[in-house]
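Okay, so here's the structure we're looking at.
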Amino acid sequence: MGFGVFIHRSDSIYDDSPAEQYQFPSQYLGRVQACVGDWILYYEPRKVAATRGYFAIAKVAQVIADPKAPGMYLALIESGSYLDFINPVPFSGPDGVIERGVLNAEGRISGRAQSAVRPISVADFNRIVTIGLDEHEPELPRLEEPRTVLPAAGFEDEIQAPFTFEEERDRVKQISSRIVRDRLFRRLVLQAYDKRCAITGLKLINGGGRAEVDAAHIRPVEANGPDILTNGLALSGTAHWMFDRGLISLSDDLDVLISRQANDPESVRGLINKTGKAIVPSRAFERPHPHFLRWHRENCFKH
């Protein structure tokens, strides 16, 4: 087993769904198999406009031959392991290339940096994850939520501090903490939605500087919903309550749907912003994915 880097772009020609599967050709089979049971970083290449760089972490559960595409394989992602970074990590930082394993003996970037799948050292992996999940200013919870601020996913040490192999592994285990994940997911969603409710369009910040908006999973964690931004919505407390209970939902075109079982549909309609559509981020990788919206309509929405 070992850590790895998987190159992915939102306009990929491959049948990828980062929180669920990663499709690749046979030439990378050995490298991907070496990552089974371990964690990988997703990386968007520099040639992509406004690249996110290293943007997420996930754990590879198994590798199978793609039943739909001869000669292709799928790396299946362990349920609940995917996590978007709150800070996309660039290929190069103030001190040079972040992933130092792509440098050759002369300190120049080698051809290895172009590989769609490559192993990554424990030190490089930890350096990238530390930056990606660093909370410079922890997002304040809503008043009814716990106010305890935990260390940023256990990465409170200096970025360049040396760690043993065992210590690095212990750090990765903390990424599985539901408390940590909920806090990071909330920050990620609130950043993308500018702390504005997607349904009402309201941006409410109370006197203490807390955003009165929730980070809602479209497909709930309890139903194997991943912590990926495209499975998230920023919703006010009332809108969140209605969404979770299936009284409202969204079409693939983001029209707000109202259940026939709503006791007072006119009042519900009055809560929706005047466009009648969810207000979502402009970038594709931040917008609700139809895959998750479809799940909500089929499994939660009361038609």
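The values are calculated or read from the model by the stated rules, or taken from the named source; none is laboratory data. In this text, all values refer to a predicted model and were calculated from it rather than measured experimentally. Every residue, glycine among them, receives a Cβ derived from its backbone with ideal geometry; neighbour counts consider all protein chains shown.
Scanning region 70-102 for residues that are over 18 Å from residue 18 (Cβ atoms) and either in contact with an Asp or Glu (Cβ under 8 Å, 6 or more places away or on another chain) or β-branched (Val, Ile, Thr) (or both) yields 91, 97, 98, 99, 100, 101, 102. Condition first: hydrophobic (A, V, I, L, M, F, W, C), more than 16 Å from residue 6 (Cα to Cα), within 20 Å of the chain's Cα centre (by Cα) and assigned to a loop (DSSP other than H, G, I, E, B). Can you find one or more residues in region 103-118 that meet it? There is no residue in region 103-118 that is hydrophobic (A, V, I, L, M, F, W, C), more than 16 Å from residue 6 (Cα to Cα), within 20 Å of the chain's Cα centre (by Cα) and assigned to a loop (DSSP other than H, G, I, E, B). Here residue 35 clears all of (1) crowded, with 21+ Cβ neighbours inside 10 Å; (2) assigned to a strand (DSSP E or B); (3) not aliphatic (A, V, I, L, M) except the condition numbered (2).
Out of the residues in region 88-111 meeting the condition of being charged (D, E, K, R) and touching a Lys or Arg at 6+ places or on another chain (Cβ under 9 Å), tell me which one is surrounded by the fewest Cβ atoms within 10 Å (Cβ to Cβ). I'd like the intermediate steps shown before the answer.
Here is the first cut: in region 88-111, the residues charged (D, E, K, R) are 95, 99-100, 106, 108.
With the extra rule that they be touching a Lys or Arg at 6+ places or on another chain (Cβ under 9 Å), the set shrinks to 99-100.
Details: 99: 25, 100: 14.
Taking the candidates together, the pick is 100.
Taking the criterion of being at pLDDT 95 or above, out of contact with any Pro (no Cβ under 8 Å at 6 or more places or on another chain) and loosely packed, with under 14 Cβ neighbours inside 10 Å, would at least one residue in region 38-58 satisfy it? Looking through region 38-58, none of the residues is at pLDDT 95 or above, out of contact with any Pro (no Cβ under 8 Å at 6 or more places or on another chain) and loosely packed, with under 14 Cβ neighbours inside 10 Å. Restricted to region 269-290, and to residues there that are in contact with a helix residue (DSSP H, G or I) (Cβ under 8 Å, 6 or more places away or on another chain) and assigned to a helix (DSSP H, G or I), the residue that is farthest from residue 48 (Cα to Cα) is 271. Listed conditions (1) under 23 Å from residue 86 (Cβ atoms); (2) surrounded by fewer than 16 Cβ atoms within 10 Å (Cβ to Cβ); (3) touching a Lys or Arg at 6+ places or on another chain (Cβ under 8 Å) are all met by residue 252, apart from (1). Taking first residues from region 248-262 that are more than 16 Å from residue 230 (Cα to Cα) and partners that are of a type in the set (Lys, Arg), the Cβ contacts under 7 Å between residues at least 6 apart in sequence or on separate chains come to 255/277; 256/277; 258/269; 259/302; 261/302. Residues in region 250-274 that are within 21 Å of residue 292 (Cβ to Cβ) and of a type in the set (Val, Ile, Thr): 256, 258, 272. Surrounded by 18 or more Cβ atoms within 10 Å (Cβ to Cβ), within 28 Å of residue 182 (Cα to Cα) and either small (Gly, Ala, Ser) or over 17 Å from the mean Cα position of the chain (by Cα) (or both) - does that describe any residue in region 60-70? No; the residues of region 60-70 include none that is surrounded by 18 or more Cβ atoms within 10 Å (Cβ to Cβ), within 28 Å of residue 182 (Cα to Cα) and either small (Gly, Ala, Ser) or over 17 Å from the mean Cα position of the chain (by Cα) (or both).
Set side by side, the residues 61, 19, 50, 105 differ, and just one is on the phi > 0 side of the Ramachandran plot and of a type outside the set (D, E, K, R), which is 50.
With respect to the conditions (1) under 30 Å from residue 193 (Cα atoms); (2) not in a helix (DSSP H, G or I), residue 129 falls short on a single one, namely (2). Pick from region 1-37 the residues that are modelled with pLDDT of 95 or more and of a type in the set (Ser, Thr, Tyr): which of them is farthest from the chain's Cα centre (by Cα)? It comes out as 26.
Considering only region 193-210, state which residues are in contact with an Asp or Glu (Cβ under 9 Å, 6 or more places away or on another chain) and either part of a loop (DSSP other than H, G, I, E, B) or buried (at least 23 other Cβ atoms within 10 Å of the Cβ) (or both).
Initial filter on region 193-210 (in contact with an Asp or Glu (Cβ under 9 Å, 6 or more places away or on another chain)): 193, 195, 197, 202-206, 210.
193, 195, 197, 202, 203, 204, 206, 210 - these are the residues of region 193-210 that are in contact with an Asp or Glu (Cβ under 9 Å, 6 or more places away or on another chain) and either part of a loop (DSSP other than H, G, I, E, B) or buried (at least 23 other Cβ atoms within 10 Å of the Cβ) (or both).
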